[in-house]
Every structure is written in C-alpha cells, then in structure tokens.
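Input: a single structure, listed below in structure tokens.
The values are calculated or read from the model by the stated rules, or taken from the named source; none is laboratory data. All of these numbers come straight from a predicted model, not from anything done at the bench. Neighbour counts run over all protein chains shown; Cβ positions are idealised from the backbone, glycine included.
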Amino acid sequence: METQEAMHQAIRNIGIVPVIKIDSPNQALPLGKALIEGGLPIAEVTFRTDAGAEGIRILRTELPGMLVGAGTIVSTEQAKRAVDSGAQFIVSPGYSDSVVGWCLDHEVPVYPGVTDPSQIQMAMARGLTVLKFFPAEASGGIDMLDALSGPFPTIRFMPTGGIGMHNLASYLRKSYIVACGGSWMVKSELINAGRWDEISRLGREAVLAVHGFTFAHLGINGEAGTSPLRIIEVLGAMLQPVTEGNASVFAGESIEIMKAPYKGTHGHIGLRTWDIERALHYLGRFGLEMDETTAKRDAKGTLTVTYLKGEIGGFALHLVRAK
C-alpha cells in the first residue's frame, strides 16, 4: 500500500480526481480505459451503488497502472470492503474518526471531508495533512479555502463539489490545492450511454485546464553577426516599454532579446503554467525533462522558472510559474 505522502504526490501530479458512479460493474473497464486515453489515469469509485466494490476490483485487475480509490466511504465496514477490492486510497464525504483510525491502522491513505476549523483540527490530531473540502462551492469555495489556509498553513486540500471547467483554474492556481475532484467529465448520462470517446475528450480538455499553459514571451538570440543592439533598436521602435535586465532586454511584455546567445539555436519560448512541478510530470509523457541547471525556486522551494532540455524547431522551452 502506498504511503500517505507518496499517494499525495501521485494525485498532485495528475491534478484532477474523476469521481465516478457506476450502475454496473461492466461499465468499469471501458470507463477506466476512456479516462486513461484522456490523460486521467485515476478514479475515485463511489460506494453510492452496489457496483462500486466490484468496479474497483476490475479496474485494479485489468488496469494495474491506474490509481483507484473508493469514495463516499462512511463506515469502517465499507473501508474494509473497498480495500479488500483493491482500493488504494479512501475518500469520505465528512470526518469520521473511526474511518480515519481504521485507515491509519492499516496504512491506507485517507482523505476525509472537512468544511470548518474544528474538523481540520481533528484531522491534524490524527497526523493528516491533505483533506477533502466538500461540498466545495456550497461551503464558500475558494474564498473559504483562502481563509482556512491562513491559520492552517501546513494543510493542503482536495476540493470537490461544484467544480468544473468554469472554475477549475481558480482552485488549481493555489499552492495549497493538491487536486480537484469532479464528475463533469464522467457524468452518469455519458457512462450509461457508453460515450467513452466523449469522456476521453472531456478528460483531455480537463488535463490542459489543470496546467493553464499560456504564452509568456519569445526569447530571441539573434543571428550570427547581428548585434543585439540592432535587434533592440528595431523592436524597441515598435514595442514599448523597453526594459533592460542583466542578461536581456524586453521590448514590450512579450519579446525578450538576449544580450548573449543562450538556450536554443534561435532562442526560447516562454510558457506560463500554474504549477511547474505538475507540468513537468505531464510533459514527461512527451519525453521532455527539466534542465536542473536553469531551475530557480522561491523561499519555500517551489519552482518558479526552469528551461527544458533540448529544443523544438530551434527554440528551447522555458516554463514560468504563473502568478
């Protein structure tokens, strides 16, 4: 069984936990494959129906690379059945000390639901550091989480309830959010109709939203024999303000002219993302890796800037943490 911290990291790397309700165990395998195809190799299978336990068993047996947890667990008996079926983590809608205690005794990662300081302190007394926040939007949403993160700076949250594409970014851009739970990509009508391609499409859409990639700037090294001063002169005549730094000059906000050639044959493409660590895990699927020699971190150790190894089309890729 995964340790608590290892599971936290695995879930954080993905950023979204699809919360699924199946009416028949036969739906589990095609649904799991659809989620993986969409870039979401994770599922919280709820115990709202009798198919939950068998669905977990099928997913764990047939798709061993998928993270599979059990949701809506409200008793130790349900927790035991879920773990016996292969569940790798347990999620509860509220805080149950008996469920939390059973999971800790059996070294099962557990995410109890909380909505207020008293419940958070109960969870902290048990040594938990990542908690479900449910129902998120109905309980005050991001404003409530901002308020709770002040007195509880060591606690991280997995908000669920009322979250979709319309507000996903407002949660995931916060450093205290591990992941968001949601069912908008796995709605019952899609599952019951067997619309697996649509579930995969919605999954891909959600994965991109997790990272919030946007264009930041274009870095120009300049051609051999061309003075950076000439490039600055020309672009500065069209784009203002011209801002000089130690290693480069910005013309406007989106063009960076390097004083001396740096990464990339022609230069680099700067991209913003909510979370560089999470983005690196995602980009690893495409064979892209961080260039550690270029990484910069803030006082908390969070990556704020890094280049990736190699280049694409003569340009290096440069990740910048979005504010």
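Quick notes on this one:
Let's see how each residue does on (1) over 22 Å from residue 203 (Cα atoms); (2) of a type in the set (Val, Ile, Thr); (3) not assigned by TED's automatic domain parsing to the domain that holds residue 190:
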| residue | (1), (2), (3) |
| --- | --- |
| 58 | no, yes, no |
| 65 | no, no, no |
| 70 | no, no, no |
| 87 | no, no, no |
| 96 | yes, no, no |
| 106 | yes, no, no |
| 111 | yes, no, no |
| 116 | yes, no, no |
| 130 | yes, yes, no |
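- Within segment 289-318, the set of residues being surrounded by fewer than 17 Cβ atoms within 10 Å (Cβ to Cβ) and either touching a helix residue (DSSP H, G or I) at 6+ places or on another chain (Cβ under 6 Å) or of a type in the set (A, V, I, L, M, F, W, C) (or both) comprises 295, 299, 305, 312.
- Meets criteria (more than 24 Å from residue 210 (Cα to Cα), touching a residue at least 12 places away in the same chain (Cβ under 8 Å) and surrounded by 12 or more Cβ atoms within 10 Å (Cβ to Cβ)) for residue 251: yes
- Segment 1-56, residues that are among the polar types (S, T, N, Q), outside any helix (DSSP H, G or I) and surrounded by fewer than 18 Cβ atoms within 10 Å (Cβ to Cβ): 3, 24, 49
- Residue in segment 264-273 that is under 30 Å from residue 165 (Cβ atoms), modelled with pLDDT of 95 or more, touching a helix residue (DSSP H, G or I) at 6+ places or on another chain (Cβ under 6 Å) and not assigned by TED's automatic domain parsing to the domain that holds residue 16 present: yes
- Residue within segment 259-281 that is free of Cβ contacts under 8 Å to residues at least 40 places away in the same chain and farther than 30 Å from residue 175 by Cα present: yes
- Selection within segment 242-259 - over 17 Å from residue 216 (Cβ atoms) and either modelled with pLDDT of 95 or more or in a strand (DSSP E or B) (or both): 242, 244
- Under the condition of being of a type outside the set (Lys, Arg), over 28 Å from residue 141 (Cα atoms) and either under 21 Å from the mean Cα position of the chain (by Cα) or surrounded by fewer than 24 Cβ atoms within 10 Å (Cβ to Cβ) (or both), the residues counted in segment 68-86 number 7.
- Total residues in segment 193-208 satisfying the condition of being surrounded by 15 or more Cβ atoms within 10 Å (Cβ to Cβ) and small (Gly, Ala, Ser): the figure is 3.
- Verdict on residue 284 being under 30 Å from residue 39 (Cβ atoms), surrounded by 15 or more Cβ atoms within 10 Å (Cβ to Cβ), among the small types (Gly, Ala, Ser) and without any contact (Cβ under 8 Å) to a residue 60 or more places away in the chain: no
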